[in-house]
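The values are calculated or read from the model by the stated rules, or taken from the named source; none is laboratory data. Every value quoted in this text rests on a predicted model; they were computed, and no experiment measured them. Cβ: placed from backbone, ideal geometry, glycine included. Neighbour counts: every protein chain shown.
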Amino acid sequence: MEQRVNIAKTYPEAYKGMYVLSASLNKSALTLIQKELVKIRASQINQCAFCLNMHTRDALKYGESQQRIFLLNAWRETDLFTAEEKALLALTEEVTLINQKGVIDATYKQAQQYFSDEQIAQVIMSIVVINAWNRIAVSTLLPIAD
């Protein structure tokens, strides 16, 4: 597939803004693994090959296991993920698929059991940002890195 418009070149001000927003999340209280689980799960839902390739590699580099990455799409069906991670993944799915039912109270309350308000804000912003990157990569046919 041939890449479409290169937004970084044709609209650099907006693209730089995305990087600034992403960089602000590097300071969040979430662990590196938690950040990558959010990015991978949202990217699976959005079918973003570019982001899946990038973030699975990053997760492995940070110590995530191959098995957990392979089974992330079926996280509810396994005991490989902690209750805290399951709360994170449920919130990731509902924010990513916001048009289906929004974020239901049970999911939000589950997240509150493990995360402070500040951390929930960081989680939601992390989900929003990866969804934006997914939409940029998918709509422009951004090629995956080797």
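Brief remarks follow.
- Set Asp58, Asp146: member being at pLDDT below 95, of a type outside the set (A, V, I, L, M, F, W, C) and surrounded by fewer than 17 Cβ atoms within 10 Å (Cβ to Cβ): Asp146
- Residue check: Tyr15 meets all listed conditions (1) of a type in the set (Phe, Trp, Tyr); (2) more than 15 Å from Trp133 (Cβ to Cβ); (3) at pLDDT below 95 but one, namely (2).
- Boolean, Ala74 is out of contact with any Leu (no Cβ under 7 Å at 6 or more places or on another chain), among the hydrophobic types (A, V, I, L, M, F, W, C), closer than 23 Å to Ser28 by Cα and free of Cβ contacts under 8 Å to residues at least 40 places away in the same chain: no
- Scanning segment 75-128 for residues that are among the charged types (D, E, K, R) and either farther than 21 Å from Glu36 by Cβ or touching an Asp or Glu at 6+ places or on another chain (Cβ under 8 Å) (or both) yields a total of 4.
- Extreme residue, modelled with the highest pLDDT, among residues of segment 22-55 that are loosely packed, with under 14 Cβ neighbours inside 10 Å and over 23 Å from Ala111 (Cα atoms): Gln47
- In the set (1) more than 17 Å from Ile124 (Cβ to Cβ); (2) touching a helix residue (DSSP H, G or I) at 6+ places or on another chain (Cβ under 8 Å); (3) part of a helix (DSSP H, G or I), the condition left unmet by Val20 is number (2).
- Residues of segment 90-115 satisfying the condition of being more than 30 Å from Asn6 (Cα to Cα) and free of Cβ contacts under 8 Å to residues at least 12 places away in the same chain: Gln100, Lys101, Gly102, Ile104, Asp105, Ala106, Lys109, Gln112
- Within segment 108-123, the set of residues being surrounded by fewer than 18 Cβ atoms within 10 Å (Cβ to Cβ) and touching a helix residue (DSSP H, G or I) at 6+ places or on another chain (Cβ under 8 Å) comprises Tyr108, Gln112, Gln113, Tyr114, Ile120.
- When Ile33 is tested against the conditions (1) over 17 Å from Trp133 (Cβ atoms); (2) over 12 Å from the mean Cα position of the chain (by Cα), the lone failure is (2).
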